[in-house]
Amino acid sequence: MANMLDELSPDVREEGLDTHVIAKRIPVTVGKGSLVFEILLWVLGIIPGVIFLFMKIKAKNYFQQLEQKIQRDASQIDNYLEQRVIVLSNCAKLLDKAIDLDKTTYENIAKYRSGASDEARNEVSTQIDNISRSINVALENYPDLKAHEGIEDAMRQNLYLQREITAARELYNDTVNAWNRDVFAWPTKQIVAAKNGYTTRLPFIASAEIKEQAKKVFF
């Protein structure tokens, strides 16, 4: 049998390929075959039916625990975002320039703890990135300010928090990937997921502005 993927094949994209995360939640469903499967287990005897019943309970508990982990991972991102807003706010005050921090940014962060959507988290993350860029532009226009000890320390903290946010997003995406994979693990987990109306979850999505910035030449 020939290789399905051949690295020597002439069918390549010379222009490259820009991929995007598809922001669509897919509902988990099962067909009649799953119902027949469960009925068949009970027909074969009480023991197979009871065993599968306990397997479904275990699967339900697994999803509940995984859901809590997703919440915990999301909360970690929120904590770093909140710290970054505080750092940038202090830096803006030190600059004493007209860099306005939208008060709704703080309000949105407060909402996250009550379970904000992935889209809202991505949106406020983009707002914070924009604030950071505005401060960097101000520093470029006034290079003498870079020597200010407080500003220098704030920008170091900002860089550190950027890295922590990236790491926290990786962890969040790993947990979301585990959820999206397991809700379609037939029979037990998929049957439980379908019964409880679960859907796939969205991983972190970078904004169009950030992706465009990444394409620019920095050096």
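The values are calculated or read from the model by the stated rules, or taken from the named source; none is laboratory data. The structure presented is a predicted model; accordingly, all values stated were derived computationally and were not measured. Here the Cβ positions follow ideal geometry from the backbone for every residue, glycine too, while neighbour counts run over all protein chains shown.
Suppose we filter Gln157, Gln190, Gln162 for residues that are polar (S, T, N, Q) and under 22 Å from the mean Cα position of the chain (by Cα); which single one remains?
Gln162
Contact list please: Cβ distance under 7 Å, first residue in region 54-81 and under 30 Å from Leu41 (Cα atoms), second residue at pLDDT 95 or above and basic (Lys, Arg), pairs at least six apart or on different chains.
Ala59/Lys189
Looking at region 86-93, is at least one residue in a helix (DSSP H, G or I) and closer than 24 Å to Tyr198 by Cα?
Looking through region 86-93, none of the residues is in a helix (DSSP H, G or I) and closer than 24 Å to Tyr198 by Cα.
Would it be correct to say that Ser117 is modelled with pLDDT under 90, surrounded by 18 or more Cβ atoms within 10 Å (Cβ to Cβ) and under 22 Å from the mean Cα position of the chain (by Cα)?
Against the criterion (modelled with pLDDT under 90, surrounded by 18 or more Cβ atoms within 10 Å (Cβ to Cβ) and under 22 Å from the mean Cα position of the chain (by Cα)), Ser117 does not qualify.
Condition check ((1) at pLDDT below 80; (2) out of contact with any helix residue (DSSP H, G or I) (no Cβ under 7 Å at 6 or more places or on another chain); (3) exposed (fewer than 13 other Cβ atoms within 10 Å of the Cβ)) across all residues:
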position: Val12; (1), (2), (3): no, yes, yes
position: Trp42; (1), (2), (3): no, no, no
position: Gln64; (1), (2), (3): no, yes, yes
position: Tyr112; (1), (2), (3): yes, no, no
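State whether one or more residues within region 91-107 are modelled with pLDDT of 85 or more, crowded, with 16+ Cβ neighbours inside 10 Å and in contact with a helix residue (DSSP H, G or I) (Cβ under 8 Å, 6 or more places away or on another chain).
Scanning region 91-107 turns up no residue that is modelled with pLDDT of 85 or more, crowded, with 16+ Cβ neighbours inside 10 Å and in contact with a helix residue (DSSP H, G or I) (Cβ under 8 Å, 6 or more places away or on another chain).
Each row is one residue, and each column tells you yes or no for (1) more than 29 Å from the chain's Cα centre (by Cα); (2) more than 25 Å from Thr200 (Cα to Cα); (3) part of a helix (DSSP H, G or I).
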| residue | (1), (2), (3) |
| --- | --- |
| Glu7 | yes, yes, no |
| Lys24 | no, no, no |
| Val30 | no, no, no |
| Phe52 | yes, no, yes |
| Lys58 | no, no, yes |
| Phe63 | no, no, yes |
| Gln71 | no, no, yes |
| Ala74 | no, no, yes |
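Can you go through Ala2, Ala23 and tell me which one is of a type in the set (Gly, Ala, Ser) and surrounded by 11 or more Cβ atoms within 10 Å (Cβ to Cβ)?
From the options Ala2, Ala23, the qualifying one is Ala23.
Could you tell me which residue of region 71-89 is farthest from Asn158 (Cα to Cα), considering only residues that are hydrophobic (A, V, I, L, M, F, W, C) and crowded, with 17+ Cβ neighbours inside 10 Å?
Ranking the qualifying residues of region 71-89, first place goes to Ala74.
Working only within region 32-50, note down all residues that are part of a helix (DSSP H, G or I) and farther than 25 Å from Thr200 by Cβ.
Result: Val36, Ile39, Leu40, Leu41, Trp42, Val43, Leu44, Ile46, Ile47, Pro48, Gly49, Val50.
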